[in-house]
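Each remark here refers to the structure printed beneath this line.
The values are calculated or read from the model by the stated rules, or taken from the named source; none is laboratory data. These numbers come from a predicted model, not from an experiment. Here the Cβ positions follow ideal geometry from the backbone for every residue, glycine too, while neighbour counts run over all protein chains shown.
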2 protein chains.
Amino acid sequence: MKLYDCTQAPNPRRVRIFLAEKGIDIDKVQIDILSGENLQADFLAVNSRGVLPVLELDDGTRIDETVAICQYFEVLQPSPSLMGDDAKTKALISSRQRQVEFDGLLPLADIVRNSVPAFSTRALPGREGVDAIEALVARGINSFNQFLDRLDKTLGESQYLAGDAFSIADITALCVIDFAQWAQIEIPKHHENTLRWYSLVSQRESVKA
Amino acid sequence: MKLYDCTQAPNPRRVRIFLAEKGIDIDKVQIDILSGENLQADFLAVNSRGVLPVLELDDGTRIDETVAICQYFEVLQPSPSLMGDDAKTKALISSRQRQVEFDGLLPLADIVRNSVPAFSTRALPGREGVDAIEALVARGINSFNQFLDRLDKTLGESQYLAGDAFSIADITALCVIDFAQWAQIEIPKHHENTLRWYSLVSQRESVKA
């Protein structure tokens, strides 16, 4: 079993932290997204979508999509639980996790992909010849600021993002907040709930993965 | 328990079909996205994100995000399984499902939201004051065509989208294909695998839900 990984990118980091929380260590193959290695023939033969991370099982099955890979390990090794134990907890964690993806990670990706010169003709993941659209940067910043406001409100209601236990939703949110530094976006100083949470989750050993 | 629903929109339909497959019937409250009812105070009090569907449990807990709602019912009533039975099947279905969301539904939403006049200042779900960006229509059409090509290839390898059993991945793909008619996009006539699959899944009683 091995993981196609890229240390600079937020999605592979989500899987690495998830695995570290479970104490699972697997082989990793580095693919450099910034230089476009993910769009070269060698990697496209592994994953025709050209995106990372990808998990390759010993039987050759390949699973892409971050949450699907996490799901695999959650079933294989349920403890410590990171995706919930019962119907309601599973649904709440899944919902919060997806909110971070759609409301936080997607606008952040728009900001980065449509402003960083290295992505000027790769404004969507996994593809070449997609020109940046400048208007998406401002739209992305507005959306991301609304996400940060909502995040701070949610974190005022519970210790972690989906209740009183650390979960995959926290992993996604942490990777998004850290990746936002690429876009020079920091947690606003008056977002005390988010700052408290960020300090708490950043102390976990797994975040170094 | 009740579901905040919108009959015209693709995401609530995904939940309705999922419930119909499991034979679960719950109360539904219609919210009209086209006229902006989801952005009015009454609904924002239910879900501050302004998006549909939302599941409200009897204890008052509200779960938004389509897949999280489906996840809730999958745990509550595992049979018939729509999200997989073991680690590998669960991961593969989740992966395929997410590919349809990110590669199919998101570009399609870009096409519709940035071209249909009713959404000219609501180009992102759940928000007002987001102006349409015309360039996203062409980008969306390109992305969606690539999605259709990949879908046809995948459906040449198995009966359903994630193997030999009908799953949530098929539900998402069916809702995307049907919603594409809003953008005057049909399955290309030479996509024989997709046409075979579409004919098969369209015959299920649940698609009328």
Practice task
List the number of the failed condition for A:W182; all other conditions in (1) hydrophobic (A, V, I, L, M, F, W, C); (2) more than 14 Å from chain B (Cβ to nearest Cβ); (3) crowded, with 19+ Cβ neighbours inside 10 Å hold.
Solution key: (3)
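Is it the case that some residue within the range A:83-94 is without any contact (Cβ under 8 Å) to a residue 60 or more places away in the chain, in a loop (DSSP other than H, G, I, E, B) and over 16 Å from B:T61 (Cα atoms)?
Yes, there is a match, as at least one residue in the range A:83-94 is without any contact (Cβ under 8 Å) to a residue 60 or more places away in the chain, in a loop (DSSP other than H, G, I, E, B) and over 16 Å from B:T61 (Cα atoms).
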Problem - Filtered residues of the range B:4-22 (kept if closer than 11 Å to B:A209 by Cβ and not charged (D, E, K, R)) - result: B:T7, B:P12, B:V15, B:I17, B:F18, B:L19, B:A20
Practice task
Would you confirm whether any residue within the range B:74-81 is away from every other protein chain (no Cβ under 11 Å), of a type in the set (S, T, Y) and in a loop (DSSP other than H, G, I, E, B)?
Solution key: yes
Practice task
Please find, among B:L82, B:L124, B:L105, the residue that is buried (at least 20 other Cβ atoms within 10 Å of the Cβ) and outside the structural domain of B:D170 (by TED's automatic domain parsing).
Solution key: B:L82
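What residue, among those in the range A:56-73 that are touching a residue at least 24 places away in the same chain (Cβ under 8 Å) and either out of contact with any Ser or Thr (no Cβ under 9 Å at 6 or more places or on another chain) or more than 8 Å from chain B (Cβ to nearest Cβ) (or both), is surrounded by the fewest Cβ atoms within 10 Å (Cβ to Cβ)? Walk me through how you get there before you give the answer.
Taking the range A:56-73 and keeping what is touching a residue at least 24 places away in the same chain (Cβ under 8 Å), we get A:56-58, A:66-67, A:69-70, A:73.
Filter once more, keeping what is either out of contact with any Ser or Thr (no Cβ under 9 Å at 6 or more places or on another chain) or more than 8 Å from chain B (Cβ to nearest Cβ) (or both): A:56-58, A:66, A:70, A:73.
Details: A:E56: 18, A:L57: 14, A:D58: 7, A:T66: 28, A:C70: 27, A:F73: 21.
Looking at residues that are touching a residue at least 24 places away in the same chain (Cβ under 8 Å) and either out of contact with any Ser or Thr (no Cβ under 9 Å at 6 or more places or on another chain) or more than 8 Å from chain B (Cβ to nearest Cβ) (or both), I get A:D58.
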Exercise for the section: Evaluate the following for B:S199: is it on the phi < 0 side of the Ramachandran plot and either facing another protein chain (nearest Cβ under 10 Å) or part of a loop (DSSP other than H, G, I, E, B) (or both)? Expected result: no
Exercise for the section: Say whether the condition of being in contact with a Pro (Cβ under 9 Å, 6 or more places away or on another chain), surrounded by 13 or more Cβ atoms within 10 Å (Cβ to Cβ) and within 13 Å of chain A (Cβ to nearest Cβ) is met by at least one residue in the range B:38-49. Expected result: yes
Handout entry: Hits in the range A:23-55 - residues which are within 20 Å of A:V75 (Cβ to Cβ) and touching a Ser or Thr at 6+ places or on another chain (Cβ under 8 Å)
Key = A:P53
Handout entry: Filter result (within 11 Å of another protein chain (Cβ to nearest Cβ) and either in a helix (DSSP H, G or I) or surrounded by fewer than 20 Cβ atoms within 10 Å (Cβ to Cβ) (or both)) within the range B:138-162
Key = B:A138, B:R139, B:G140, B:N142, B:S143, B:Q146, B:F147, B:D149, B:R150, B:K153, B:T154
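For the range B:172-199, how many residues meet the condition of being aromatic (F, W, Y) and either closer than 14 Å to B:T154 by Cβ or assigned by TED's automatic domain parsing to the domain that holds B:R14 (or both)? Give the steps one after another, and end with the answer.
Initial filter on the range B:172-199 (aromatic (F, W, Y)): B:179, B:182, B:197-198.
Subsequent filtering for residues that are either closer than 14 Å to B:T154 by Cβ or assigned by TED's automatic domain parsing to the domain that holds B:R14 (or both) retains B:197-198.
Qualifying residue count, the range B:172-199: 2.
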